[in-house]
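S.K.: Below: one structure in structure tokens.
No lab work stands behind these numbers, since they all come straight from the coordinates. As the structure is a computational prediction, the values presented were derived from the model and not from experiment. A quick note on method: Cβ atoms are made from the backbone with ideal geometry, for glycine too, and the neighbour counts reach across all protein chains shown.
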């Protein structure tokens, strides 16, 4: 066993640029607040840098973007928010957070809030480049079509320049290693490097890419970390948003299947960033998981079901065509069948709600059986009220349970009943009009209509 003391942990500030207007999205929602897999793009980036060990987070927003600032603080309460009052380039945006940089750190990660697919491992690799002695680490990718991208020019393993496409020579344009825009900078040198960036360009702006030449001019090294092109995808319009969603779904599905989930048609299953699926879960085609869903081992989610903010126990059967809304909790080995909707309700172990039923704001006891067409009438136009169905109770088909009401353990409710009062345990409750007959009425009615034309509608 080594007796050497552990190396001191490197401190890291993640600076997230979220000041882009995103006009190509053609949306009232700021670009970085559009969702991928149930989470804002800004949220994905905040989660990624946190997983990569960022100690502090600073977010740079545009003027009047309180909504973006609020999202950042909701996800990372300790995040500091800075405003870029003028749009004078990426380096200018970074220096809007000068105060956060000046507080000191070993590593400064500069990332963009519209690149939601960057993996924490990539951020860690960039930090490792700084730990290995580089003062600047740029993130690059091998482009299938490099046209329009800045090129990363490497000599003897060092990054010597980032050349914009329009400024590149013919030889440089044949380079396929392109700039993804993200950068890591030695925190001890960051202000000096950033402060050395001028506006010697046609746009008269401060470009973060010039950090490479400034660092090398100070006698420091620059390096490159390479990531897959699909990982560094930026989002500027709805088409790119859809492409990012598709890529994230591939990633989430692959992860789930590697962890023991069976998907019959993976390409038709949509997951959220926080979907939790146990082993031996089976998912049939066309299933949608919104945020906040947990499914325990051995459950089956049948085709065309929709789940959001709910819990599914071990061995449960859901669907087909079932909807679990927020607050639904389905106990082990229970059954939620076709065309059943459950909201803010707890379904006990082994209970069966097999078809054509709405259960809202309710507690259904273990092994209870809820017949087809049953509804819990939980809303009076002003308030929600609760229905309690005891263990082993049997509710007949086409019944309406008008909350607040309790069906006792082991009680029976006759089909077609409208239950407005509590039912005692073990009792039979029937609440419907009495059936009666008029002998011969149908024959007499038909005879009275003989010879008269039928109206067709």
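S.K.: Could you give the angle, 0 to 90 degrees to the nearest 10, between helix 120-131's Cα long axis and the longest principal axis of the Cα atoms of the chain?
M.R.: It works out to around 20 degrees.
S.K.: Can you give the Rg to Rh ratio for region 12-226, taking only C-alpha atoms and Rh from Kirkwood?
M.R.: Reported Rg/Rh, Kirkwood definition of Rh: 0.95.
S.K.: In degrees from 0 to 90, rounded to the nearest 10, what is the angle of the helix 238-258 Cα long axis to the longest principal axis of the chain?
M.R.: 70
S.K.: At 222 nm, what value in deg cm²/dmol follows for the chain if DSSP H runs of at least 4 each add -39500 (n - 2.57) and the sum is divided by all its residues, to the nearest 500?
M.R.: -5500 deg cm²/dmol
S.K.: For region 238-429, what does the equivalent ellipsoid look like in terms of its semi-axes, each the square root of 5 times an eigenvalue of the Cα gyration tensor, given largest first in whole Å?
M.R.: So the equivalent ellipsoid measures 34, 16, 12 Å along its semi-axes.
S.K.: Ordered by packing density, taken as the mean number of other Cβ atoms within 10 Å over each peptide's residues, highest first, how do 426-435, 13-22, 158-167, 439-448 rank?
M.R.: Per-residue mean Cβ counts within 10 Å order the peptides as 13-22, 158-167, 426-435, 439-448.
S.K.: Against the longest alpha carbon principal axis of the chain, how many degrees, from 0 to 90 and to the nearest 10, is the axis of helix 66-75 turned?
M.R.: Roughly 80 degrees, rounded to the nearest 10.
S.K.: Now for a different question. So, by mean Cβ neighbours within 10 angstrom, what's the order for 23-35, 204-216 with the highest one leading?
M.R.: 204-216, 23-35
S.K.: Dividing the alpha-carbon radius of gyration of the chain by 2.2 N^0.38 Å (N being the number of residues), what value is obtained?
M.R.: Ratio of Rg to 2.2 N^0.38 Å for the chain: 1.36.
S.K.: Then there is this: What are the semi-axes of the equivalent ellipsoid for region 195-250, taken as the square roots of 5 times the Cα gyration tensor eigenvalues, largest first, in whole Å?
M.R.: Here the semi-axes work out to 32, 17, 6 Å.
S.K.: Turning to a different aspect of this structure: May I have the pair-distance distribution P(r) for region 387-444, computed from all Cα-Cα distances with 10 Å bins from 0 and rounded to whole percent?
M.R.: Histogramming region 387-444 at 10 Å steps yields 25, 45, 12, 11, 6 percent.
S.K.: Another question, if that's okay. If you take the alpha carbon radius of gyration of region 40-164 and divide it by 2.2 N^0.38 Å, what ratio comes out, to two decimals?
M.R.: Expressed relative to 2.2 N^0.38 Å, the Cα Rg reads 1.12.
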